[in-house]
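A short worksheet on the structure shown next.
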2 protein chains.
Amino acid sequence: MWYSRGVSHLDAPTATVAPLLRIQEVAADVGLTTRTIRYYEELGLLNPAARSEGSYRLFDVDDLERLRFIKGLRDDAGFSLTEIGQLLEDEVARTRIRERFRSSADPVERRALIEDAIGRIDRQVGSLRQKIGRLEAMVSEAEGRRVHLETHRAEIDAGLEPAPHTHEPRP
Amino acid sequence: MWYSRGVSHLDAPTATVAPLLRIQEVAADVGLTTRTIRYYEELGLLNPAARSEGSYRLFDVDDLERLRFIKGLRDDAGFSLTEIGQLLEDEVARTRIRERFRSSADPVERRALIEDAIGRIDRQVGSLRQKIGRLEAMVSEAEGRRVHLETHRAEIDAGLEPAPHTHEPRP
DNA sequence: CCAAACCATAACCTTAACGTTAACGGCAAG
DNA sequence: CTTGCCGTTAACGTTAAGGTTATGGTTTGG
C-alpha cells in the first residue's frame, strides 16, 4: 500500500482527504518541468484534479500516475504526444469508468465496465507489443550480421592457426 | 568523371557494376523524400557514394541499406536523429572497416577488423535491447492491471455478493 | 539542338515540444 | 507591510525534423 507517498509536510489533521499537490511538487516528483505539465494540460492530456482559491492547480494521485504514464510513453517508447493522446483517451476513459464503477452496485453493470477496461488495456498492450516486435526485428537482423561475421572469423582462425605467417591461398 | 567511394578491385572478377541511383529513385525505393535524404546528409548521417559530372548525388547499395536502417530507427524505435547518429557512427565505422577488410590480405588484420565489427554490432543490439526492456516493463505493468481487473470480474461472476471493497489498491 | 524532366543549393516556412520572459496575484514569515 | 517565493496567463524564442519555393545547372529523348 503506497498511497501516502510524496506529501508529508503541511497537511496532517484532515486525514481522509486525498493529498493534493501543487505543480512544483508534482514536477519534482514525476521528473517533468512545470512548463511541460502545463503544456500537457493545454494539449488536453490531463486536467488537474482541482484548483485552489487562488486558482492554483492541484493534482491528485491519479494525475501523478497519468503524468508518469505519459513520460514513460514519451521517453521509453518514443511515442509522440499526439499518439500518447490516443492512448490516454483510453486511460482517461478507464479512470472515468472506475468512478462509475465505484458508484454502481449493479453487478451486471460492474462486469460490463470491467470488461471495457480490459479492452482498453489490451489495446495499449497491443500498441506496445507492436513496437517491441519491430525493435526485435531490428535486433535479429543485427544478430544475423553478427553470425555472418563470426563465421568469417572462424574461417580465418581455421587458416590462421596452422600457418600464421604464410600467405593464404584462396579457398 | 566522377569521384566515388572505392570500388574494390578484389570484389568480383567480372563484376556487374553496381547501379548507382539518383536521389529520386532512392527516395521512392526507401520511402523517404529527397529533402529528407539531403537533410540526413547535411546532418552527417550519410554521404552518398559518388557525385555525377554535374554534381548529382549517386547512391549505391550500401547507401540504401543505411537509409533503411535510419528509417527503421526513426519510425520503429522512435530514436531521434541525434541518437541515430550515435548508432550510425558505429555503422559508418563498420562500412569503412569492410573496405579495409577487402583490401587487406593479412589474416591477422582481417581477424581484428571482424572482431571490431562484432563489437559495434553488439553495442547496437544492446541499445535496442535496452529500449525493448523498457517497453516490456510497461507491458507487464499494464498486464498487471489487467490481471487485477480479471480478478474483479471473476469475483463478480462468482456471485452478486457486495463485499465492500473500499478502495482499489493499484489502479 | 531543344524542351522536359531531374538535380543542386539556398532561403524561407512549418509543426511539435517545449524554454524563457514578462507582468501580475497569492500567501506565509519576519 | 513588504519581502520572497510560488503560482497564473500570455507571448515570444528555440530546436528538431523536415516542407516549400526560387533560381539555375544537368541529362536525356526527340
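Values in this text are rule-based calculations from the coordinates and carry no lab data. What you see is a predicted model; the values in this text were computed from it and never measured. Here the Cβ positions follow ideal geometry from the backbone for every residue, glycine too, while neighbour counts run over all protein chains shown.
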The extension gain from A:Asp60 to A:Thr36, computed as 0.36 nm times the residue separation minus the Cα-Cα distance, is 6.9 nm
Pseudo-spin-label distance A:Ala112 to A:Glu136, built 7 Å along Cα→Cβ, given in nm, is 3.7
Per the 1/(1 + (r/R0)^6) rule, R0 = 35 Å and r from the Cβ atoms of B:Ala158 and A:Glu89, FRET efficiency to 0.05 is 0.65
at B:Arg38 the sorted inter-copy label distances (label 7 Å from Cα on Cβ side), in nanometres, are 3.9
If labels are modelled 7 Å from Cα along the Cβ direction, B:Ser55 lies from its partners in the other copies at nm distances, smallest first, of 5.7
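How high is the FRET efficiency from B:Leu81 to A:Asn47, r the C-beta distance, R0 25 Å, rounded to 0.05?
0.15
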Output field shielding_mean for B:131-142 (other chain Cβ, 10 Å radius) holds 6
Expressed in Å to one decimal, the Kirkwood Rh of region B:12-158 from all distinct alpha-carbon pairs is 18.6
